[in-house]
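Computed from the coordinates by the stated procedures, all read-outs in this text should not be read as laboratory data. Everything quoted here is computed from the prediction, not taken from an experiment. Cβ: placed from backbone, ideal geometry, glycine included. Neighbour counts: every protein chain shown.
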Amino acid sequence: MHVADYKKFDLLNGIGMRCSLFVSGCPHHCKGCFNAPAWNYNYGSVYTKELEDQIIQDLNAPDIRMSGLSLLGGEPFANVEGLLPLLDRVKRECKDKDVWCWTGYTFDEIMACETKRSMIGYIDVLIDGKFVLEERDLTLRFRGSRNQRILDVQKSLAVGEAMVWEG
Ligand code: SF4
């Protein structure tokens, strides 16, 4: 797995102070994408055990209240194999931290794929769907176009259908 960027302190992508990891590689190629260079799976730098350790350490920073981890892209669900070990560690080693994830897939598309489904249980808030330029709306919080949804993943998994996050 390659990563396009890592932001240690990020207030923009999710609620609270967050560690944000931008993975490389995206199959969706949305018109007007904010991060087209990251479509390339080899863009940026190789994800390493050192970066993984750094993220865990940053999430547990003693002097600042970190809210959680945000996964962006590229397409996180095209990097399941690379992300699962990190997510497993976040769950085990970072208490009370939530995980937000931005994906071009819909919740239903994720649930229909065994590989993608293996990652969904680690996520708390999912912003789903491709960016659609014709539906772009700059007033939306945390998303770029009106077709995208902010979903409460754990609630969605419990009831078996996509449920909107209510904050
Ligand atoms: S899913 Fe996101 S990263 Fe991928 S092309 Fe669409 S806007 Fe860009």
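Going by the structure shown, is Glu81 over 12 Å from the mean Cα position of the chain (by Cα) and among the acidic types (Asp, Glu)?
In short, yes.
Among residues belonging to the range 51-67 that are in contact with a helix residue (DSSP H, G or I) (Cβ under 8 Å, 6 or more places away or on another chain) and more than 25 Å from Ile150 (Cβ to Cβ), point out the one that is surrounded by the fewest Cβ atoms within 10 Å (Cβ to Cβ).
Among those residues, the one meeting the criterion is Asn60.
Kindly evaluate Thr48 against the criterion of being out of contact with any Gly (no Cβ under 6 Å at 6 or more places or on another chain), of a type in the set (Ser, Thr, Tyr) and surrounded by 18 or more Cβ atoms within 10 Å (Cβ to Cβ).
no
I'm checking my understanding of the structure. Among residues of the range 74-122 that are among the hydrophobic types (A, V, I, L, M, F, W, C) and touching a Phe, Trp or Tyr at 6+ places or on another chain (Cβ under 7 Å), which one is farthest from Arg146 (Cα to Cα)?
The extreme case among them is Leu87.
Between a residue in the range 4-26 that is basic (Lys, Arg) and any residue that is within 13 Å of the ligand (Cβ to nearest atom), which pairs come within a Cβ distance under 9 Å, given they are 6 or more apart or on different chains?
Close Cβ pairs satisfying both conditions: Lys7/Asn13; Lys7/Phe22.
Tally up the residues in the range 29-86 that are within 16 Å of the ligand (Cβ to nearest atom) and not in a helix (DSSP H, G or I), please.
So the count comes out to 19.
Does Ser70 fit the bill of being hydroxyl-bearing (Ser, Thr, Tyr) and surrounded by fewer than 21 Cβ atoms within 10 Å (Cβ to Cβ)?
It is false that Ser70 is hydroxyl-bearing (Ser, Thr, Tyr) and surrounded by fewer than 21 Cβ atoms within 10 Å (Cβ to Cβ).
Restricting to the range 144-155, what's the tally of residues that are in contact with a strand residue (DSSP E or B) (Cβ under 8 Å, 6 or more places away or on another chain) and in contact (Cβ under 8 Å) with a residue 24 or more places away in the chain?
6
Given the criteria crowded, with 17+ Cβ neighbours inside 10 Å, closer than 17 Å to Val23 by Cβ, within 17 Å of the chain's Cα centre (by Cα) and away from the ligand (no atom under 13 Å from the Cβ), does Met119 qualify?
yes
Can you find, within the range 1-15, the residue that is nearest to the ligand (Cβ to nearest atom) among those that are under 15 Å from the mean Cα position of the chain (by Cα) and farther than 21 Å from Leu138 by Cβ?
The residue in question is Ala4.
When the residues of the range 87-116 are filtered to those that are of a type in the set (Phe, Trp, Tyr) and either over 15 Å from Gly14 (Cβ atoms) or in contact with a Pro (Cβ under 8 Å, 6 or more places away or on another chain) (or both), which remaining residue is nearest to the ligand (Cβ to nearest atom)?
Applying the filter and picking the extreme gives Trp102.
Give the range 87-103 a look and list any residue that's crowded, with 23+ Cβ neighbours inside 10 Å and part of a loop (DSSP other than H, G, I, E, B), or say none.
Thr103
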